[in-house]
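Read-outs: derived from the displayed coordinates by stated rules, not from any lab. Because the structure is a prediction, the values reported are computed rather than measured. Counting neighbours? That spans all protein chains shown, and the Cβs are built from the backbone with ideal geometry, glycine included.
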Amino acid sequence: MIKLKTLLQENISASILNAARKSAELKKLGMVDVSTGETAYGSTKAPLTIFINPAKTKIDDVYFDIRDALSNLIPGTRFNVMTGPTGIGDQETGAIHYAPDTKPDPAQDAYDRIYGMTADFGGDKPLNDLEDAMYHEDASIKRMHDSFGEDPNMLSMSQKKKLAVVYNRVADKLENEKKFG
């Protein structure tokens, strides 16, 4: 795990860089170029810097759409957006720095399962089911859920695991409903 983390932080292979450059999904999101080995803010290494049309950095969540596209392009790697003093992205160049997050986040993974089903159900039903499930949980789980919504980094790994159990229960129920009606 440590070796993988070091490799991801220090460089991205040429084949991955070429795949990112050719990605139709990233181009659709406004990418004009990608580079590696940039130093983001301070001494933090950000192995990928995506240069996008600066007008795109004004669109909410384009950074997170790009992050998700990168995670899909490089399966098994979750990317974080590196933020700086002026917020996400450089407004003049459109440069957005991404760094791999090699720590598992069970609550985020379970929440992503639920959120990923919103299109299958044609709306907010999965998220509404999650909120309904929270109504029946004890106060500590409700507090963890609220904290997760505000800032997932506020939770400890044990709290994230407890929350993931509840989220996965909701996701399993939704998948069964989708499958069997």
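With 18 Å as the limit, write out which pairs from LYS142/LYS162; LYS125/LYS173; LYS125/LYS178; LYS125/LYS161 have Cα-Cα distances beyond it, or answer none.
Numbers: LYS142/LYS162 11 Å; LYS125/LYS173 12 Å; LYS125/LYS178 11 Å; LYS125/LYS161 24 Å.
Exceeds cut-off: LYS125/LYS161.
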- Message: Applying a 10 Å radius around every beta-carbon, put 131-144, 164-177 in order of their mean neighbour count, most first.
- Response: 164-177, 131-144
- Query: If you place +1 on the Cβ of every Lys and Arg and -1 on the Cβ of every Asp and Glu, how big does the dipole about the Cα centre of segment 116-181 come out, in debye to the nearest 20?
  - Reply: 280
- In terms of the alpha carbon gyration tensor, root eigenvalues a ≥ b ≥ c, rounded if a/c is under 1.5 and otherwise prolate when a/b exceeds b/c or oblate, segment 101-160 is oblate
- Task: Please list the non-local residues whose amide H lies under 5 Å from the amide H of LEU29, H modeled 1.01 Å from N, same-chain partners needing a gap of 5 or more.
- Result: none
- Tell me which residues come under 5 Å, amide H to amide H, from ILE52 once H is placed; ignore anything under 5 positions away on its chain. VAL32, ALA95, ILE96
- Item | FRET efficiency for ASN153 and VAL32, using Cβ-Cβ distance with R0 set to 35 Å, rounded to 0.05 | 0.70
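Give me the net charge for the shell around ALA133: Cβ to Cβ below 9 angstrom, other residues only, Lys and Arg +1, Asp and Glu -1. Working shown, then result.
Working: positive: ARG169, LYS173; negative: ASP129, GLU131, ASP132, GLU137.
Once all neighbours under 9 Å are counted, the net charge is -2.
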- Query: Suppose R0 equals 22 Å; then what is the FRET efficiency for LYS142 and ASP172 from their Cβ-Cβ distance, rounded to the nearest 0.05?
  - Reply: 0.65
